[in-house]
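The values are calculated or read from the model by the stated rules, or taken from the named source; none is laboratory data. Predicted model, so just to flag it, every value in this text is computed and none were measured. Neighbour counts run over all protein chains shown; Cβ positions are idealised from the backbone, glycine included.
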Amino acid sequence: MENNFPAIYNDCARILVSQQEIAAICDRMAAEITDTYKDSNRRLVMVVILKGSMPFASELMKRLDLPLELEFMKVSSYGSGTTSAGRINIVLDLHRGDLANVDIIVIEDIIDSGRTLSYLVEYLKLGGANSVKTCTMLDKPSRREVEFVPDYVGTVVPNEFVVGFGLDYNEKYRNLPFIGVLARHVYEK
Ligand code: PRP
């Protein structure tokens, strides 16, 4: 990349989703979500799954023309993600007693195996939520291990190592303003 860009950009081989494309995707998704919930008389709660979804949720929520409430959850997964041993553990949970009157929209940065969201949707439904929909910035269907179809998808990405806009490599690069493919020199050094 050009040397007049921030030095950190050199750790990306190429940009997959630019800042302008992210903005257009958020505009489109926000219009769809607003249209779905605009006539609801229930509480709408956006549940942001930490940490990677934070930048996406931030961009999306300011475009929603809805009286939205905000909550956070954090999960961790144990075991190999490539076998049925992969288990989800809730690290930060919702603490609300009103879920029967709540529509939940879960916000994710990416869906890979599908394990996190399929678990969370069942968990929130069992917890009594009136409805649970899912919204992801990126979808990587080529990595799916359990069947899962999100309600709202920003864009589909190929099976490459993507970072930026919340997505990390060893906890780094979440602050990139675009979504890029991590350069080989970063993980081969
Ligand atoms: C990522 C992503 C999803 C999950 C998707 O989170 O944010 O929560 O993995 O993968 P899956 O479809 O295979 O379950 P990660 O565990 O990397 O945590 P982070 O958001 O804190 O980076």
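Could you tell me whether the range 30-49 includes any residue that is under 19 Å from Leu182 (Cβ atoms) and modelled with pLDDT of 95 or more?
Within the range 30-49, not a single residue is under 19 Å from Leu182 (Cβ atoms) and modelled with pLDDT of 95 or more.
Taking the conditions exactly as written (in contact with a Cys (Cβ under 8 Å, 6 or more places away or on another chain) and in a loop (DSSP other than H, G, I, E, B)), does Pro158 satisfy them or not?
Answer is no for this residue.
Looking only at the range 97-146, count how many residues are more than 28 Å from Tyr173 (Cβ to Cβ) and in a loop (DSSP other than H, G, I, E, B).
Here the count works out to 6.
Among the candidates Asp112, Asp98, which residue alone is more than 14 Å from Lys74 (Cα to Cα) and touching a helix residue (DSSP H, G or I) at 6+ places or on another chain (Cβ under 9 Å)?
Only one candidate qualifies: Asp112.
Being farther than 20 Å from Pro55 by Cβ, among the hydrophobic types (A, V, I, L, M, F, W, C) and within 13 Å of the ligand (Cβ to nearest atom) is the filter here; which residues of the range 139-189 pass it?
Val146, Phe148, Val149
Please identify the pairs in which a residue from the range 126-153 that is over 21 Å from Val17 (Cβ atoms) has its Cβ atom under 6 Å from the Cβ atom of a residue that is in a strand (DSSP E or B) and of a type outside the set (Asp, Glu), counting only partners at least 6 apart or on another chain.
Partner pairs satisfying both residue conditions: Ala129/Val102; Ala129/Ile104; Asn130/Val102; Val132/Ile104; Lys133/Ile105.
State which residue pairs qualify: first residue over 15 Å from Pro158 (Cα atoms) and near the ligand (Cβ under 8 Å from one of its atoms) and inside the range 111-122, second residue modelled with pLDDT of 95 or more and of a type in the set (S, T, N, Q) in any location, beta carbons under 6 Å apart, and separation of 6 or more residues or different chains.
Close Cβ pairs (under 6 Å, with a partner that is modelled with pLDDT of 95 or more and of a type in the set (S, T, N, Q)) amount to Leu117/Thr134.
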